[in-house]
Structure formats: structure tokens, C-alpha cells
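Right, one structure below, let's go through it.
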Amino acid sequence: MQIKDIIPWAHRDHSFDADTHHENPIATLQRDLNKVLDNFRSRFGDLHWPWGHDEARSDIVGTKDAIEVSVELPGMEMKDIEVSVADGMLTVKGEKQVERQEEKQGYYLSERSYGAIYRTVPLPPGVDTERAEAEFKNGVLTVRLPHTPEALENVKRIEIKEK
């Protein structure tokens, strides 16, 4: 017997055990959960959050002079965002609250949308946090953290040899 023989999801048809003619309980649970999620999606549609799983999309780029961190914050305004540096960590916090109300003959619509972001980025040694700059444009926050002069001086080029 191999390990794949006792793992239900390793079988091609894991909803029915041919030897015992019983339905596999894990496959039954998976099928039932899929039905619930499919019913939810069909009633409410796919929910597209500005960021997935409570985390904003971000890029971290190391240039010759600095570290640049870009974070996508669609729908947020500058007043909704807080950026801080402490203990070698860059922290970005933001909260978006949108309320919409519409009343026309025969119906009343009231929608609320809330979203929060909390992202921390560990910073490498040699970053000058005193000279950090942040810019917010078109829903993208860019934080530029220059290297300290000492860190720039301590860069040593390594010669590459061909064999």
C-alpha cells in the first residue's frame, strides 16, 4: 500500500469508493462546501476587493541610492493613509469608508463599503529613515527610503571570474 492509496484527494474519482460502495466523507464535505460557495457567488456575484486577503498589492525595489516601496491603495484618499517607520519596519495603514444612498420613485438604495489595510515591510540595514519621503498619486503610495552615506560607501564590487 502506498500513501496515495489512503489519501482521498489523491484518487481520480474521490467521491466514491468502489471497494466499499460508500461515499468518501471528505469528498462529500468538499462537494457541499463548493455548492455553498457557488450559490453565494450566483446570488451576489464575485466580490472584487481592491486588495486580496486584507493585503495591498505592493512592489519593493532596491535601487543604487534607495529602497522604494509602492503600495496600491485604490479608492483611498491621502487623508485615509498613515505611513510610519519604527524598529526597522515600514508600516502603511489605511481605511476606506464609502457610503452611497439613492432614492428614486419606487425604490431606496443604501450601500456601504469599508476596507482597511495594514502592511508592514522589513527594511534592510543602511536605510536612512530620517530622509524618507512619501508620495501619493493615482491611488498608488510610493515611499522612498534613501541609503545612508555609510551604507553607500561600504558597497564592495566583487570581480567575476570566468572558468
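In table form, for the structure just shown:
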quantity: Simple spin-label estimate for Glu111 and Ala86 in nanometres, 7 Å along Cα-Cβ; calculated: 3.7 nm
quantity: Loop GluC sites (Glu not before Pro), segment 61-121 (other Cβ atoms within 10 Å of the site Cβ: 16 or fewer; DSSP); calculated: Glu77
quantity: Label-to-label distance, nm, for residues given as Lys35 and Ile60 (7 Å Cα→Cβ offset); calculated: 4.5 nm
quantity: Overall form of segment 58-153 per C-alpha gyration tensor (a/c, 1.5; a/b vs b/c); calculated: prolate
quantity: Segment Glu162-Val98, extension gain: residue separation times 0.36 nm, minus the distance between their alpha carbons; calculated: 17.1 nm
quantity: Net lengthening on full extension, Val155/Ser70 (0.36 nm per residue, minus Cα-Cα); calculated: 28.1 nm
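Values quoted throughout were computed directly from the atomic coordinates according to the rules given, and no laboratory measurement underlies them. Please read all numbers here as calculations on a predicted model, not as lab measurements. Positions of Cβ are generated from backbone atoms using ideal geometry, with glycine treated the same way; all protein chains shown enter the neighbour counts.
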